[in-house]
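Only one structure is covered here, and it is reproduced in the block below.
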Amino acid sequence: MAENPAYPVGLRLTGRRVVVVGGGQVAQRRLPALIAAGADIHLVSPEATPSVEAMADAGEITWHRRRYEDGDLAEAWYALIATSDTEANTAASAEAERHRVWCVRSDNADAATAWTPATGRSEGVTVAVLTTDAQGRDPRHTAAIRDAVVEGLRDGSLVAPHHRKRTPGVALVGGGPGDPDLITVRGRRLLAEADVVIADRLGPRDLLAELPPHVEVIDAAKIPYGRYMAQEAINHALIEHAKAGKSVVRLKGGDPFVFGRGMEEAQALVEAGIPYTVVPGISSSISVPGAAGIPVTHRGVAHEFTVVSGHVAPDDERSLVDWAALAKLRGTLVVLMGVDKIGKIADTLVAHGKPADTPVALVQEGTTAAQRRVDATLATVAETVRTHEVKPPAVIVIGEVVKVSDGSAPGGAE
Ligand SMILES: C[S@@+](CC[C@H](N)C(=O)[O-])C[C@H]1O[C@@H](n2cnc3c(N)ncnc32)[C@H](O)[C@@H]1O
């Protein structure tokens, strides 16, 4: 006879007694969700893994350091039986049956009265996956389905159109340095929910190709200025689309607040009464050196790193950077937007005392398929940029960390 399928249910365990018998790996995996559910958890076990022990030390569970005894389940609402002793498991599940306590058994799904589904969460929804019968139970299969559903909800590839939570107004989303995998989960979800995306030239442009056809994608660089400055025109476009009731994503390279003019856009939105949210992104200032094998700090080498914009030359009166002070720092200097001015920047640093043989690395189009790294010193960098035709976007790293490597193949530098 075919087995009846299990009946799925969500237990509300706040303050309710849950007994866990056995303090090994199974308990370690299951306990965090029981703790999160607010259960009054009693662990019965002579031993426990260090993680389970830490939960007891933190007062998250009550640990009875002994073997299971008949009567342990009497007051429980729910039990998890997971010792390595089949006899104890059988005795405990018999007691659970007697007291009508729903009981999960790690060693014998057939003998259990409840099964733990593979669960995951996304946006206020719990996804729980169960197989229909004990014979067909394959935890890897249910976990894989759970992962696919949760991942699909998070990245927007699985859209529940009638229930999708639209974020009104504008989301200023940091898209990371370029590799489409390096955007945050939240950023990707908001992108999938957007009606309009206004994107910069930098950042994960590959993601734009994945957007459904109804999404209007606008290249920020191509918004006509007319009577505005370029940035004002972008602000205007954000405001107008949001006012029209659209869900707007402003997709930026790296992090919106690292040389990203994110706060200018936020200010304009506030002024126009448009709600906005900011989603941080992985900044190129750290991730691009990292992708090229350069740590911006390293024990015994650099205890600080400074991120500087090189878009105006040191002798330009608009420059807000104290290059003389930077020349005296021992740590790492990360220069963004500095390819065109690197000759003047290097000369200024050397003139203020930074050794001319200080290592320099230029990482162009980091984290993308076109990534390249070119190494130089302060003395040679201007010439190197010319001969190797280094082009923006590039992150320039100045300091001894450039010489640090993981010890495998000689770095990827040209
Ligand atoms: C206007 S700034 C924006 C920085 C961005 N908000 C961030 O947090 O990474 C642009 C500069 O970032 C650097 N940059 C951004 N993405 C890059 C990448 N994938 N490879 C190399 N440099 C990058 C370059 O120096 C470029 O000129």
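Please treat every number below as a calculation from the coordinates, not as lab data. These numbers come from a predicted model, not from an experiment. Every residue, glycine as well, gets a Cβ built from its backbone with ideal geometry; the counts of neighbours run over all protein chains shown.
Going by average Cβ density within 10 Å per residue, which order do the peptides 241-247, 64-70 take, highest to lowest?
Per-residue mean Cβ counts within 10 Å order the peptides as 241-247, 64-70.
Let me check the size of the stretch 87-241 from its C-alpha atoms; what are the radius of gyration and Dmax in Å?
23.8, 82
List the residues whose amide H sits under 5 Å from the amide H of residue 372, counting only those 5 or more places along or on another chain, with H placed 1.01 Å from N in the peptide plane.
Here the answer is 364, since their amide H atoms fall under 5 Å of that of residue 372.
In Å³ and rounded to a whole number, note down the convex hull volume per residue for the Cα atoms of the stretch 44-91.
85
Can you tell me how much longer the chain between residue 222 and residue 74 gets when fully stretched, taken as 0.36 nm per residue apart minus their C-alpha distance, in nm with one decimal?
46.2 nm
Just for the chain, what percent of DSSP beta bridges are antiparallel, to the closest 5?
35
In nm, give the distance between the simple-model label positions of residue 383 and residue 244, each being 7 Å from the Cα along the Cα-to-Cβ direction.
A separation of 5.5 nm, rounded to one decimal place.
Stretched out fully, how many nm does the piece from residue 340 to residue 185 gain, at 0.36 nm a residue minus the Cα gap?
Extending this stretch completely gives an extra 52.4 nm.
What does the convex hull of the Cα atoms of the chain come to per residue, in Å³, rounded to a whole number?
Taking only Cα atoms, the chain has a hull volume of 215 Å³ per residue.
Using only alpha carbon pairs under 8 Å that are at least six residues apart, calculate the relative contact order of the chain and give it in whole percent.
Result for the chain is 10 percent.
Run the helix sum for the chain: -39,500 (n - 2.57) per DSSP H stretch of 4+ residues, divided by residue count, reported at 222 nm to the nearest 500 deg cm²/dmol.
-8500 deg cm²/dmol
From the square roots a ≥ b ≥ c of the eigenvalues of the alpha-carbon gyration tensor of the stretch 216-281, which class results: rounded (a/c under 1.5), prolate (a/b over b/c), or oblate?
It comes out rounded by the Cα gyration axes.
GNM, the chain, Cα, under 10 Å: largest mean-square fluctuation among 263, 337, 55?
Its mean-square fluctuation being the largest, the pick is 55.
Please give the Cα centre distance for the stretch 324-393 versus the stretch 192-257, rounded to the nearest Å.
The stretch 324-393 and the stretch 192-257 have Cα centres spaced 32 Å from each other.
Let me understand the stretch 170-279 better: what is its radius of gyration from the alpha carbons, and its Dmax, in angstrom?
Over the stretch 170-279's Cα set, Rg and Dmax evaluate to 12.6, 38 Å.
Under the rule a/c < 1.5 gives rounded, and otherwise a/b versus b/c splits prolate from oblate, where does the stretch 221-380 land using the Cα gyration tensor?
Note, shape of the stretch 221-380 comes out prolate.
How would you order 146-158, 288-300 from highest to lowest mean count of nearby Cβ atoms within 10 Å?
288-300, 146-158
Would you report the distance distribution of C-alpha pairs in the stretch 17-116 as whole percents per 5 angstrom bin, up to the bin with the largest distance?
Percent of Cα pairs in each bin: 3, 15, 29, 28, 18, 7, 1.
By average Cβ neighbour count within 10 Å, what is the ranking of 309-321, 248-260, 95-107, 227-239 from highest down?
Ranked from most to least packed, the peptides come out as 248-260, 95-107, 227-239, 309-321.
Taking every eigenvalue of the Cα gyration tensor of the stretch 285-403, multiplying by 5 and rooting it, what semi-axes result, largest first, whole Å?
19, 17, 13
Treating only the Cβ atoms of Lys and Arg (+1) and Asp and Glu (-1) as charged, compute the dipole magnitude of the stretch 285-403 about its Cα centre; round to the nearest 20 debye.
Rounded to the nearest 20 debye, it is 280 debye.
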